[in-house]
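Below: the structure, in structure tokens.
The values are calculated or read from the model by the stated rules, or taken from the named source; none is laboratory data. All values reported here derive from a predicted model rather than from experimental measurement. All Cβ positions, glycine included, derive from the backbone under ideal geometry; neighbour counts span all protein chains shown.
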Amino acid sequence: MPKKREKTIDIKTVRYIAHLARIELEPKELEILSDQLKKIIEFIDQLKKLAVEDVPPTSHILPLKNVYREDILSGSLPQDKVLKCAPQKKDNFFVVPKIIE
Amino acid sequence: MELNRLSARELLKLLDEGSIKIDDVVLALKERINRIDHRINAYVRKEKDLSLSAHQSGLLQGLPIAVKDNICTEGLNTECCSRILEGFIPPYDATVIKKLKENGASIFPLKTNMDEFAFGSSCENSCFGPSHNPWNQEYVCGGSSGGSAAAVAADEAIFALGTDTGGSIRQPASFCGVVGLKPTYGRVSRFGLIAFASSLDVIGPITKDVYDCALLLNIICGYDPYDSTSVNIEVTDFTKGLSQDIKGLKIALPKEYFIEGVDKEVKEAIRDAIEVFKKLGASFQEVSLPHTEYAVAVYYIVATAEASSNLARFDGVQYGLRIRPKEQKESALLDMYKKTRGKGFGQEAKRRIILGTFALAHGYYEAYYLRAQKVRTLIKEDFDNVFKEFDCILTPTSPTPAFKIGEKIKDPLKMYLSDIFTISANLAGIPAISIPCGFTKKGLPIGLQLLAKPFREDILLRVAYNYEQNTVWHKMKPKL
């Protein structure tokens with residue numbers, strides 16, 4: 001875990017974030033990305049110039065409130081059609097590597 | 001007559017008269033693609049079967065439409081130009097595709113090139129290689145809907161669908177000299193669009209002229225129970241009222257869009273266009289959108305945060321690529337996720353997912369994501385204020401014409417800044433259109449952008465149509 005409110009983004013942080021994002025990075029990639037992300041974050045830090053304490057965050061850009069629908073059954077795709085693009089399947093299921101050893 | 005060069009409106013007239021058949025149109029397009037697309041690369045997976053049997057029926061009489069590779073088409077590969085979606089054939093049609101088919105369109109069997117998952121401004125982030133600008137093949141066609149814009153500009157398509165999250169319809173339209181409309185957020189259903197940033201994404205038309213743009217918008221817009229963000233309001237016929245004049249129309253010129261760094265020839269072209277609008281009876285006044293300078297920073301937090309969440313679904317389980325690790329490091333499942341995503345995503349996708357994950361991570365969320373959403377509110381309020389007094393806003397679509405392939409690809413921040421004039425419309429949810437307004441001395445197209453308040457696409461289309469009727473830019477064709 002990085003320290004709270006760490007100011008910059010370094011290789012250690014990027015390695016940790018990549019783990020959270022479930023992305024494996026080559027050592028070279030990690031280096032380049034850290035460099036680029038550092039510059040991007042520095043650019044984004046200009047937002048800190050603005051006083052926004054009293055500004056409400058945008059939650060939805062249009063005045064839309066909760067959208068409900070009637071609780072009635074509608075059609076769904078047939079299983080065989082949905083499973084067609086699965087990298088690995090068995091019967092009516094997606095197959096994944098062993099989760100519990 | 002080369003039918004592929006005509007607009008949809010012109011072709012529909014000939015089809016209605018019976019002087020041509022839809023098969024003639026399809027053949028003309030196929031010949032054009034076979035002859036020039038190796039130089040443009042507007043379409044991907046060209047090794048696939050090109051067979052298309054168009055039926056002449058409905059409003060669109062069978063006219064083929066080119067579709068961006070991130071919009072689901074039943075039975076046709078839809079891969080977002082990413083390795084991770086290799087081989088994905090959607091089991092259903094996106095709502096826009098369903099509506100187009102219901103109105104007699106044929107879906108062109110080849111999809112158009114794009115930056116991977118729409119991450120980019122130049123089409124260079126495609127796993128199929130970049131598309132080239134039809135006006136000069138050393139230059140980018142823009143992005144991310146670059147293939148769609150290049151196909152329309154090169155007469156390899158009659159019209160096309162693109163998607164716009166930060167300018168991805170308007171910027172390539174401006175680079176290629178065609179018309180591109182980003183509708184109001186919620187105007188067009190996104191059901192079946194492979195999501196990038198859900199609070200920003202919209203689907204819209206890329207066409208040869210403004211009339212075709214209105215025609216396509218008529219078909220694709222409207223409420224859809226499958227997309228709870230689509231808005232249930234009355235839809236007017238956008239082709240009606242196009243030729244109504246613009247006398248007395250009040251157009252705002254935001255000073256933040258006419259700054260240093262805007263290309264000299266772009267400035268001149270916009271200045272000339274303003275004179276045309278004045279002759280047509282519109283009045284202009286300088287205004288300020290004071291938070292414009294923060295738009296790019298806000299965007300690259302909000303859009304990447306949403307992307308990191310949306311792209312979590314690509315994990316090698318349900319579709320696309322799966323890579324089995326040779327040796328086990330953590331758990332077998334975790335290793336599979338990491339390998340698949342590490343190899344399946346391109347550089348820009350990884351960069352954005354990691355940036356977005358960072359912005360949402362514990363300890364950073366408040367400093368980045370929350371702050372960005374607050375500044376977004378300020379950007380939206382800037383527009384609300386201007387639209388109290390003005391009918392629309394006019395700006396350049398992009399600060400520069402198309403840049404060279406390779407020029408910005410190594411510097412992500414430089415690339416991000418090329419969207420500086422298009423991003424705000426997505427953050428504010430408002431509609432915006434890019435139309436051709438001139439050429440540089442080197443012969444590259446220049447585009448102007450018009451923005452209006454939510455759901456007033458009718459104003460944009462009318463203003464654009466009036467301009468088009470009094471200029472020749474939309475009639476120019478690249479030599480290919």
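Among the candidates B:R39, B:R45, B:R9, B:R32, the residue that is in contact with a His (Cβ under 9 Å, 6 or more places away or on another chain) and at pLDDT 95 or above is uniquely B:R39. Just so you know, in the stretch A:40-52 the residues that are under 26 Å from the mean Cα position of the chain (by Cα) and more than 7 Å from every other protein chain (Cβ to nearest Cβ) include one that is surrounded by the most Cβ atoms within 10 Å (Cβ to Cβ), and it is A:I41. When you look at B:L215, is it over 15 Å from the mean Cα position of the chain (by Cα), more than 17 Å from B:A157 (Cβ to Cβ) and buried (at least 19 other Cβ atoms within 10 Å of the Cβ), yes or no? No: the conditions fail for B:L215. If you go through the stretch B:223-238 and keep only what is buried (at least 18 other Cβ atoms within 10 Å of the Cβ) and either away from every other protein chain (no Cβ under 14 Å) or hydrophobic (A, V, I, L, M, F, W, C) (or both), you end up with B:V231, B:F238. A residue that is in contact with an Asp or Glu (Cβ under 8 Å, 6 or more places away or on another chain), surrounded by fewer than 23 Cβ atoms within 10 Å (Cβ to Cβ) and touching a residue at least 24 places away in the same chain (Cβ under 8 Å) occurs nowhere in the stretch B:442-450.
Take the residues in the stretch A:9-39 that are basic (K, R) and more than 25 Å from B:E327 (Cβ to Cβ); name whichever of them is farthest from the other protein chains (Cβ to nearest Cβ).
Start the filter on the stretch A:9-39 by keeping residues that are basic (K, R), which leaves A:12, A:15, A:22, A:28, A:38-39.
Filter once more, so that each one left must be more than 25 Å from B:E327 (Cβ to Cβ): A:38-39.
Details: A:K38: 11, A:K39: 6 Å.
Of everything passing the filter in the stretch A:9-39, A:K38 is farthest from the other protein chains (Cβ to nearest Cβ).
Got a sec? Which of B:L378, B:L427 is surrounded by fewer than 24 Cβ atoms within 10 Å (Cβ to Cβ) and closer than 27 Å to B:T184 by Cβ? Break it down stepwise before answering.
Details: B:L427 fails: surrounded by fewer than 24 Cβ atoms within 10 Å (Cβ to Cβ).
Every option except B:L378 fails the conditions.
Identify the residue in the stretch B:316-335 that is over 15 Å from B:R83 (Cβ atoms) and crowded, with 19+ Cβ neighbours inside 10 Å and, among all such residues, is nearest to the other protein chains (Cβ to nearest Cβ). Restricting to residues being over 15 Å from B:R83 (Cβ atoms) and crowded, with 19+ Cβ neighbours inside 10 Å, the top hit is B:V317.
Kindly indicate whether A:K98 is assigned to a loop (DSSP other than H, G, I, E, B), more than 7 Å from chain B (Cβ to nearest Cβ) and among the basic types (K, R).
Values: assigned to a loop (DSSP other than H, G, I, E, B): yes; more than 7 Å from chain B (Cβ to nearest Cβ): no; among the basic types (K, R): yes.
Taking the combined requirement at face value, the residue does not satisfy it.
Against the conditions (1) within 9 Å of chain A (Cβ to nearest Cβ); (2) in contact (Cβ under 8 Å) with a residue 24 or more places away in the chain; (3) assigned to a helix (DSSP H, G or I); (4) not hydrophobic (A, V, I, L, M, F, W, C), B:K338 satisfies every one except (2). Being within 14 Å of chain A (Cβ to nearest Cβ) and under 25 Å from B:D272 (Cβ atoms) is the requirement here; does B:P454 meet it? No: the conditions fail for B:P454.
Within the stretch B:98-127, restricting attention to residues that are among the aliphatic types (A, V, I, L, M) and crowded, with 24+ Cβ neighbours inside 10 Å, the residue that is farthest from B:T165 (Cα to Cα) is B:A105. When B:L360, B:L333 are checked against the criterion of being over 30 Å from A:K81 (Cα atoms) and free of Cβ contacts under 8 Å to residues at least 60 places away in the same chain, B:L360 stands alone in meeting it.
Please go through the stretch B:278-294 and give me each residue that is in a loop (DSSP other than H, G, I, E, B), surrounded by fewer than 22 Cβ atoms within 10 Å (Cβ to Cβ), of a type outside the set (G, A, S) and under 28 Å from the mean Cα position of the chain (by Cα), ordered by number.
B:P290, B:H291
Step by step: first the residues of the stretch B:205-222, then only those that are among the β-branched types (V, I, T) and not in a strand (DSSP E or B), then the one that is nearest to the other protein chains (Cβ to nearest Cβ). Which residue is that?
Among residues in the stretch B:205-222 that are among the β-branched types (V, I, T) and not in a strand (DSSP E or B), the one nearest to the other protein chains (Cβ to nearest Cβ) is B:I220.
For B:P436, the stated conditions do not hold, so it cannot be described as buried (at least 20 other Cβ atoms within 10 Å of the Cβ) and assigned to a loop (DSSP other than H, G, I, E, B).
Considering the stretch B:343-373, and only residues there that are surrounded by 20 or more Cβ atoms within 10 Å (Cβ to Cβ) and basic (K, R), the residue that is farthest from the other protein chains (Cβ to nearest Cβ) turns out to be B:R352. Checked against the criterion of being in contact (Cβ under 8 Å) with a residue 40 or more places away in the chain, hydrophobic (A, V, I, L, M, F, W, C), in contact with a helix residue (DSSP H, G or I) (Cβ under 6 Å, 6 or more places away or on another chain) and more than 27 Å from B:Y92 (Cα to Cα), the stretch B:40-57 contains one or more residues that satisfy it.
Yes or no, residue by residue, for (1) in contact with a Pro (Cβ under 7 Å, 6 or more places away or on another chain); (2) surrounded by 24 or more Cβ atoms within 10 Å (Cβ to Cβ); (3) closer than 30 Å to A:H60 by Cβ:
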position: B:Y139; (1), (2), (3): no, no, no
position: B:A149; (1), (2), (3): yes, yes, yes
position: B:A157; (1), (2), (3): no, yes, no
position: B:L161; (1), (2), (3): yes, yes, yes
position: B:G166; (1), (2), (3): no, yes, yes
position: B:K182; (1), (2), (3): yes, yes, yes
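Each row is one residue, and each column tells you yes or no for (1) at pLDDT below 90; (2) β-branched (V, I, T); (3) touching a helix residue (DSSP H, G or I) at 6+ places or on another chain (Cβ under 6 Å).
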residue: A:I41; (1), (2), (3): no, yes, no
residue: A:E53; (1), (2), (3): no, no, no
residue: A:S59; (1), (2), (3): yes, no, no
residue: A:D71; (1), (2), (3): no, no, no
residue: A:C85; (1), (2), (3): no, no, no
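For the stretch B:147-172, the set of residues classified as part of a helix (DSSP H, G or I), touching a helix residue (DSSP H, G or I) at 6+ places or on another chain (Cβ under 8 Å), touching a residue at least 60 places away in the same chain (Cβ under 8 Å) and within 23 Å of B:N34 (Cα to Cα) consists of B:S148, B:A150, B:A151, B:V152, B:A153, listed by residue number.
For the stretch B:264-319, residues that are touching a residue at least 24 places away in the same chain (Cβ under 8 Å) and within 30 Å of A:K81 (Cα to Cα) total 10. The combined condition, being at the interface with another protein chain (Cβ under 8 Å from one of its Cβ atoms), surrounded by 20 or more Cβ atoms within 10 Å (Cβ to Cβ) and not polar (S, T, N, Q), is fulfilled by B:A297.
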